[in-house]
Amino acid sequence: MDSPQKIRLFIAVPVPSEVRRRIEKAQLDFTKVLPSKLARWTRPEQFHLTLRFLGNVPSSRVESLVSALAQSCTSFSALHLDATGVGFFPNHRNPRVLWAGVRDADNVLNKLWESLCSATQPFTVEPAEKHFSGHITLARLDRLRAVERESLAKLAAQLQNEPFGTWTASGVQLVRSDLSPQGARHTVLGEFPLPDRKANS
């Protein structure tokens, strides 16, 4: 019997073009101090705030997943987000991911993450993060030499409070990611509104 077709999925908040443009400028600064062979740079058009990586999900379950996500988002309002500064996972001494930070003014981003983790638990075997940290991935890094780590840390320190912009996120997306030698190709499979109740009050 053939195994069910699976598709690689994640849940994310899109980033507006002006914020992407400012983050791209910072990303370009980092490309000047790090050889390209040591980093896999995220294309600016694919900058996004990931809320949950689901991995490979059977295509037959996507419809049920969409329903679960829609239900999970109904109790949340639009997110008022602020992208500021850069950093590394796990830390600057062993940088494996370079990111731009994202915070929300109303302190609900973490609650939305928790709700989405609960709603998607039946659909994924990928473990959820122990603690949510809002970020936009700029690059995934190979193991670096001390001189390269020092150069990155110095530039990150200069940009630790760099403002990239604020925006109101009015929805969450379910995104399909197809991998290829040319990089990932993203396709939005569903959008789930977060109404801006402040604007309507």
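Values quoted throughout were computed directly from the atomic coordinates according to the rules given, and no laboratory measurement underlies them. Just so it is clear, the model here is predicted, and its values are computed rather than measured. Virtual Cβ from ideal backbone geometry, glycine too; neighbours counted across all protein chains shown.
Summary of values
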read-out: Debye log10 I(q)/I(0) at q = 0.09, 0.12, 0.16 Å⁻¹ for segment 56-201, Cα point scatterers; value: -0.37, -0.65, -1.07
read-out: Average Cα contact separation per residue, segment 85-200, under 8 Å, 6 or more apart, as relative contact order %; value: 26 percent
read-out: Length released on extending from S75 to E45, taking residue separation times 0.36 nm less the Cα-Cα span; value: 7.9 nm
read-out: Where Rh is the Kirkwood radius over Cα pairs, Rg/Rh for segment 1-74; value: 1.13
read-out: At R0 = 22 Å, FRET efficiency that the Cβ-Cβ distance of R143 and A184 yields, to 0.05; value: 0.50
read-out: Straight-distance crosslink candidates among lysines, where the alpha carbon sits under 19 Å from K111 and sequence neighbours closer than 8 are dropped; value: K130, K198
read-out: Computed E for R61/S17 - FRET, C-beta separation, R0 45 angstrom, nearest 0.05; value: 0.85
read-out: Burial order of peptide ranges 124-136, 102-114, 6-18 (average beta-carbon count within 10 Å, highest first); value: 6-18, 102-114, 124-136
read-out: Whichever aspartates and glutamates have a C-alpha closer than 15 Å to that of K32, once near sequence neighbours (fewer than 8 apart) are set aside; value: E24, E148, E150
read-out: Average Cα contact separation per residue, the chain, under 8 Å, 6 or more apart, as relative contact order %; value: 32 percent
